[in-house]
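One structure is given below, encoded as structure tokens.
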Amino acid sequence: MRIQTPLATNVVGSLFPLLALCQDNANWISVGDDGRSFSLSSSNVSYQFHVDPLTLDLIHDHWGAYAAETVPDFNGVVSGWGTAYTYRRREFPDLGRGDFRVPAIHIQHSDGDTVSAFSYTGYDINPGKPSLPGLPATYGSEGDVSTLIIHLYDNYSDISADLYYSIFPRYNAVTRSFRITNNGSRDVTVLRASSWSIDMPNEELEMIDLYGDWAAEARINRRSVTYGEQGFRSSAGYSSHFHNPFLALASPSTTESFGPVTGYSLVYTGSFSADVERWSTGWVRVLLGLNPLHLSWPVAPGEVFTSPEVVSVYSEQGLGGMSRSFHSLYRNHLSRSNYTFETRPPLLNSWEGLGFDFNQSSMVKLAKEAADLGCSLFVNDDGWFGTDYPRNNDSLGLGDWTPDPAKFPDGLGPYVEQVDNILVQNTSEHVKLGLWVEPEMVSPDSDLYKRHPEWCMHAGNHNRTLQRNQLVLNLGLQEVQDYIITVIESILDSAPIKYIKWDNNRGIHEMSSPSANHANMLGLYRVIDNLTTAHPEVLWEGCASGGARFDAGLLHYWPQSWTSDDTDGLERLYIQFGTSYPYPPSAMGCHVSAVPNHQTGRTTPLAFRAAVASMCGSFGFELDPSTLTQEELDTIPKLISTQQRINPTVINGDFYRLALPDQSNWPAAMFVSPEHDSAVLFAFQIRSALKPLPPPLKLQGLDPDAKYTVSNGTWEQNWSGSTLMNIGLSLSWPTSDYESIILTFDRH
Ligand code: GLA
């Protein structure tokens with residue numbers, strides 16, 4: 001159908017009457033009587049937009065607290081020099097018709113122009129949620145989620161856009177992605193695709209995001225949203241240490257526990273862009289999606305381009321409420337792993353203890369020492385592979401995934417069997433073996449590179465810049481994807497390996513075209529989808545030089561990710577609190593390492609390091625036990641037993657940040673079971689201080705009417721939830737730095 005889209009030179013808005021809503025079966029998606037106003041609502045939130053009657057453009061109305069009616073086009077007359085697109089709060093903004101702000105969609109047509117003219121043509125409402133072809137996404141059935149699909153058409157270029165909106169009412173969450181279909185006869189190129197785009201009203205806002213670097217991930221950044229463009233992006237080819245694909249917009253008065261906030265999380269692992277722009281009207285455009293520097297995606301006639309998904313949540317319980325919505329949505333409707341809600345085995349990883357310097361007998365010895373401490377999983381990190389180019393340092397062997405015969409003369413099978421024969425101290429449980437891999441990479445000194453130099457990312461004759469002495473394989477090539485699937489399958493076939501740490505230690509530089517980044521991501525997702533589907537029994541852990549790929553895209557496939565190469569207890573507090581803004585602590589891998597710490601040189605007590613690491617789903621050690629004192633060796637089994645006791649609450653509970661390390665000398669956080677019958681509190685003292693005294697620690701999330709037994713393992717007290725939450729605990733701290741207290745709460 002061809003629809004005329006009249007162009008106005010000045011916008012004369014009108015105050016529309018409140019529209020009656022006709023709701024779908026699940027009552028979550030409503031359409032106005034005119035068939036052109038839409039509302040996605042739970043009892044707490046509403047997301048509203050409508051079709052502009054003049055232009056057939058989509059106009060954003062509201063994303064926030066629940067509103068019973070739609071109030072479309074409330075903006076009235078906005079005078080100024082512009083077109084029908086300049087002074088409107090738009091839902092799917094394009095470039096080229098007078099909207100001078102950053103667009104969500106930017107398409108180059110075969111004749112070179114980049115004007116798009118999408119007009120509304122209709123909608124569909126479906127129960128449940130369709131999957132996104134080739135991309136990770138949240139999922140759910142009819143009782144969990146409903147989907148509204150808005151159809152737009154550009155008559156000038158014969159391109160259709162279908163906008164997918166899904167609402168998960170239990171989580172106060174709305175997800176968005178779109179599909180562009182080329183119905184014409186000539187190629188077009190998608191230059192820019194922001195899956196999320198809304199224009200918020202003129203209100204004071206602060207933007208909160210996570211920045212950082214290697215060994216310094218997820219630092220919290222909070223600033224006012226002022227006029228002009230502000231935002232952040234990753235152009236590193238992956239989500240990166242530098243910026244995480246997450247942002248929040250909050251009122252200046254919003255705290256951890258009170259006040260309105262919207263959070264946005266991109267379910268994607270490649271380069272991304274977050275753009276926030278305050279316009280002359282004061283309106284704030286919020287965009288999150290692909291990085292236009294790494295897109296230029298060609299769409300041939302008949303082809304479809306699908307944008308990755310953005311998940312947005314709204315909370316009036318501050319940043320803590322936002323985080324809890326993300327955490328429960330991601331555990332219940334993003335993660336596909338069998339392990340998401342499972343207690344994770346305490347592990348010992350060989351990296352910081354032995355590095356590359358080991359052989360089978362030293363590894364088996366380390367596994368035995370791990371078992372004697374109470375670890376049931378032993379992880380052989382980097383250095384186990386390579387025949388012609390044995391991996392004795394980080395310049396060799398990536399790509400050659402066969403065991404190094406000098407280290408493992410009989411291959412992996414007998415080695416794994418030897419480890420498997422070890423029993424965990426005082427149990428009949430056999431130690432399981434895990435392996436480190438970095439399959440997306442290749443060392444120039446490797447058989448693979450000698451055979452297939454064309455398989456690595458490269459741009460013509462440009463230098464193939466090395467980083468950590470390695471190159472990136474081009475997973476946009478199906479033969480590369482198939483190679484990786486085959487080698488990982490053969491490792492898993494060769495021995496009963498129960499855990500895989502999948503690393504990725506560099507960004508992508510030279511690419512044959514900007515679109516190679518997205519093609520690489522689609523290839524990566526195909527590989528991981530294949531392997532995790534075929535091997536749900538394996539506990540998969542993501543890693544990228546620490547937390548450089550801690551993103552919602554990869555959390556779809558595996559349940560946990562290594563949080564940082566910085567294992568210093570103090571630094572980890574900042575990193576883990578920051579990472580918990582969008583991602584559940586149950587998905588974090590956190591280990592106790594030796595002191596002085598390898599990265600920072602700081603010495604903190606063993607109990608402090610263990611308490612910090614116990615705040616995560618996957619707990620372990622990254623040290624050589626033979627270097628520990630007898631006192632430390634005697635203490636570790638007790639630390640593991642405490643950690644294992646509280647791990648189910650950490651994995652399944654709701655997370656409350658009570659005091660942030662950025663703001664308090666006494667940071668604290670707690671987990672409360674969904675039934676409010678058990679909880680665990682982690683409290684820390686960074687520096688010994690005589691004055692001021694620590695503030696009372698007011699707990700959250702407990703049942704005010706219930707009585708809880710509070711215990712630190714040696715003493716017990718009984719208090720009601722109301723006392724614990726309204727008066728709070730006055731913890732008494734020793735006069736020493738880096739102290740920690742773990743308390744458990746059990747309803748009786
Ligand atoms: C990366 C990881 C580390 C370790 C090394 C091995 O840096 O983040 O945990 O696995 O690689 O080379």
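The values are calculated or read from the model by the stated rules, or taken from the named source; none is laboratory data. Computed from a predicted model, the values in this text were never measured in an experiment. Note: ideal-geometry Cβ built from the backbone for every residue, glycine included; neighbour counts use all protein chains shown. Surface accessibility is based on the protein's heavy atoms, side chains included, excluding ligands, DNA and RNA. Shrake-Rupley method; radii C 1.70, N 1.55, O 1.52, S 1.80 Å.
Here are a few things to note about the model shown:
- Nearest 10 degrees, 0 to 90: helix 360-373 Cα axis against the chain principal axis: 90 degrees
- Accessible surface of Leu423 - all protein chains present, 1.4 Å probe, nearest 10 Å²: 80 Å²
- Two numbers describe the Cα atoms of the range 347-652: Rg and Dmax, which are 19.1, 60 Å.
- Interchain or long-range residues, amide H under 5 Å from Gly259's placed H: Gly318
- Cα centroid separation, the range 244-318 to the range 325-389 (Å): 34 Å
- Projected label distance in nm at Asp33 and Thr533, using a 7 Å step from Cα toward the beta-carbon: 4.8 nm
- The GluC sites (Glu not before Pro) found in the range 47-156 that occupy coil by DSSP, while having at most 15 further C-beta atoms within 10 Å, are Glu142.
- Ranking Leu210, Leu466, Leu448 by Cα position along the charge dipole of the chain, where only Lys, Arg, Asp and Glu carry charges on their C-beta atoms, puts Leu210 farthest toward the positive end.
- Compared with the dominant principal axis of the Cα atoms in the chain, helix 516-534 is inclined by about 50°.
- Cα gyration tensor, the range 293-362 - rounded (a/c under 1.5), prolate or oblate: oblate
- Cα→Cβ-extended label distance, 7 Å offset, between Asp111 and Ser732, nm: 8.3 nm
- Accessible surface calculations at 1.4 Å, restricted to protein heavy atoms, place the range 240-312 at 22 Å² per residue.
- Within the range 372-410: backbone nitrogen closer than 12 Å to the Asn338 label point (7 Å, Cα to C-beta): none
- Comparing the range 403-481 with the 2.2 N^0.38 Å rule of thumb, its C-alpha radius of gyration ratio is 1.60 (two decimals).
- Remark: the Cα gyration tensor places the range 2-333 in the rounded category, a/c being less than 1.5.
- Phi-derived couplings, Karplus 6.51 cos²θ - 1.76 cosθ + 1.60 at θ = phi - 60°, listed residue by residue for the range 724-738: 5, 8, 9, 9, x, 9, 9, 7, 9, 9, x, 8, 8, 6, 6 Hz, with x used for Gly and Pro.
- Positive dipole terminus of the chain, leading residue within Tyr268, Ser296, Gln700 (C-beta point charges): Gln700
- Residue ranking by accessible heavy-atom surface, 1.4 Å probe, largest first, among Lys368, Lys129 comes out as Lys368, Lys129.
- Apolar share of the accessible surface for the range 668-747: 50 percent from carbon plus sulfur atoms, 1.4 Å probe.
- Heavy-atom accessible area per residue - the range 347-652, 1.4 Å, Å²: 31 Å²
- In order through the range 134-142: 3J(HN,Hα) via Karplus (6.51 cos²θ - 1.76 cosθ + 1.60), integer Hz, x for Gly, Pro: x, 10, x, 6, 5, 9, x, 9, 3
- Report note on the peptides 494-502, 637-645, 606-614: ranked by the mean count of other C-beta atoms within 10 Å, highest first, their order is 606-614, 494-502, 637-645.
- Taken over the chain, the convex hull of the Cα atoms encloses 161 Å³ per residue.
- At full extension, Ser131 and Asp634 could sit 176.1 nm farther apart than now, given 0.36 nm per residue minus the alpha carbon distance.
- Heavy-atom accessible surface of Met670, to the nearest 10 Å², is about 0 Å², with a 1.4 Å probe and all protein chains retained.
- Under-5 Å amide H pairs with Asp737, H placed in peptide plane, nonlocal only: Ser688
- Placing dummy labels 7 Å off each Cα toward the beta-carbon, the span from Gln230 to Arg186 is 4.2 nm.
- Computed FRET value (nearest 0.05) for Thr387 with Asn469, which takes r as the C-beta separation and R₀ as 22 Å: 0.75
- Of the solvent-accessible surface of the range 347-652, computed with a 1.4 Å probe and all protein chains present, 50% belongs to carbon and sulfur.
- Proximity of backbone amide H atoms, modeled 1.01 Å from N, is registered between Tyr66 and Val45, Ser46 at under 5 Å, excluding neighbours fewer than 5 places apart on the same chain.
- Relative to the dominant Cα principal axis of the chain, helix 630-652 is inclined by about 30°.
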